[in-house]
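The values are calculated or read from the model by the stated rules, or taken from the named source; none is laboratory data. What you are looking at is a predicted structure, and each value in this text was computed from that prediction instead of being measured. Cβ placement follows ideal geometry from the backbone for every residue including glycine, while neighbour counts extend to all protein chains displayed. Protein only, heavy atoms only, side chains kept; ligands, DNA and RNA dropped before computing areas. Shrake-Rupley method; radii C 1.70, N 1.55, O 1.52, S 1.80 Å.
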Amino acid sequence: MAKSKAETLEEKASSDGAGVRPGPREAITPGEAQAVDPKGKEAMDDPLTCLARSIYWETKGEDVAAMQAVANVVMNRLGQHEFPDTVCGVVKQGQESGACQFSWWCDGRPDDVAEPKPYAVAKEVARKALNGQLLDRTHGATYFHHKRVTPRWSTIYTRTATIGAHHFYKPPEAVDKPRRRSALLGGSN
C-alpha cells in the first residue's frame, strides 16, 4: 500500500503543478512507511526504499536535520530536466557510467542496512519528504558534498546551506529562478 502511495506522490512531485500536499488517502502513514523494507535488505525498486536508503547511507551517524537535507536534494531534483523523473532514477543516476550522483550507490559495498534504528528514522524522513511535509532546509539545493572533499563544481555552484557534515549547492543560474515545487517542500526558496 505505501509503495503505491509513494509512486503516486512521486509522480505529483515530478510534474509541473505539484505544489499541493496529498490528501489523507494519498499520504503515507508512519506505520505504512515502516512496513516497507523493514530490515533494509529488499530490492531498491520503490520510491520510499530508494529515498530511505539514500538518506541512511549519505548521513550515517548524523542528526535528523542532515537526513532531511539529503531528502530535500533528492526531491529538488525531481521534475528538473537534467535529472530523472523518479526517486530511484535520481538515486541511481550515473550507475551505468560508474559516476554515481550518490556515492554510496557505486561504492562496491553491500547496500543492506546494518542499523535498524537509524534506518527507521530515515524511512520516516523519506515518508515526510514524499508526503510534502518537509521544510526545504537546503533552499533548493540539487547537489551536496561532504565537508572533507572539495569537488571542482563546488567553486562555480552557489552554496545554499551547510548542514551536518555536508555543504549544499545549486547551479548559479538557478539562484534567482523561482522553483515550481516550492509549496510542496514547505516554502519558497
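Some values worked out for this structure:
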{"item": "Scope the stretch 128-152; condition touching a strand residue (DSSP E or B) at 6+ places or on another chain (Cβ under 9 Å), closer than 22 Å to GLY79 by Cα, open to solvent by 30 Å² or more (accessible area, probe 1.4 Å) and not in a strand (DSSP E or B); matching residues", "result": "ARG137, HIS139"}
{"item": "Among residues of the stretch 19-57, those that are part of a helix (DSSP H, G or I), more than 15 Å from ALA114 (Cβ to Cβ) and under 18 Å from the mean Cα position of the chain (by Cα), counted", "result": "9"}
{"item": "Test result for LYS5, closer than 17 Å to ASN131 by Cβ, in contact (Cβ under 8 Å) with a residue 24 or more places away in the chain and under 17 Å from the mean Cα position of the chain (by Cα)", "result": "yes"}
{"item": "Selected residue [small (Gly, Ala, Ser), open to solvent by less than 70 Å² (accessible area, probe 1.4 Å) and at pLDDT 80 or above] from ALA13, ALA52", "result": "ALA52"}
{"item": "Number of the exception - GLY40 against (1) open to solvent by 20 Å² or more (accessible area, probe 1.4 Å); (2) out of contact with any strand residue (DSSP E or B) (no Cβ under 8 Å at 6 or more places or on another chain)", "result": "(1)"}
{"item": "When residues of the stretch 70-103 are limited to those that are assigned to a helix (DSSP H, G or I) and open to solvent by 10 Å² or more (accessible area, probe 1.4 Å), the one modelled with the lowest pLDDT", "result": "SER103"}
{"item": "Candidate set from the stretch 104-120 (those that are open to solvent by less than 60 Å² (accessible area, probe 1.4 Å) and part of a helix (DSSP H, G or I)); member that is farthest from GLN68 (Cα to Cα)", "result": "CYS106"}
